[in-house]
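Read-outs throughout are calculated quantities, based only on the coordinates presented, and are distinct from any laboratory measurement. Note that the structure is a prediction, hence the values are computed from the model and not measured. Here the Cβ positions follow ideal geometry from the backbone for every residue, glycine too, while neighbour counts run over all protein chains shown.
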Amino acid sequence: MSDDLEELARTDPDLVKAAIALMLELRRDPWLGGELRERYNLRLLEGCRRIAFDLPAWEGKPGFRLVYRNEPEDGAPGLSACGPSPRGRA
């Protein structure tokens with residue numbers, strides 16, 4: 001996860017702030033994000049959730065996402081990845 005945050009910081013340090021703010025929100029509400037749909041038989045992502053985010057001033061579709069898994073299903077989030085959305089910004 002630290003590599004992901006370093007990569008975000010190279011793009012814009014404010015993206016790191018946005019990601020960390022979401023991580024703190026997950027402590028309060030671990031069901032915050034939507035479920036990831038399985039694509040291309042990526043079983044690795046089965047059971048993961050995601051939250052789209054971007055810079056506060058960004059007005060388009062968010063171009064980044066935080067991916068996490070609640071394990072066990074008691075709502076204790078385990079962060080998996082944080083970075084650009086596969087489709088990028090709209």
Subject >> Efficiency of FRET between K17 and E71 - r from beta-carbon atoms, R0 25 angstrom, step 0.05 >> reply: 0.40
Original post:
What list do you get for R10, R69 if you sort them by fewest beta carbons within 10 Å?
Top reply: R10, R69
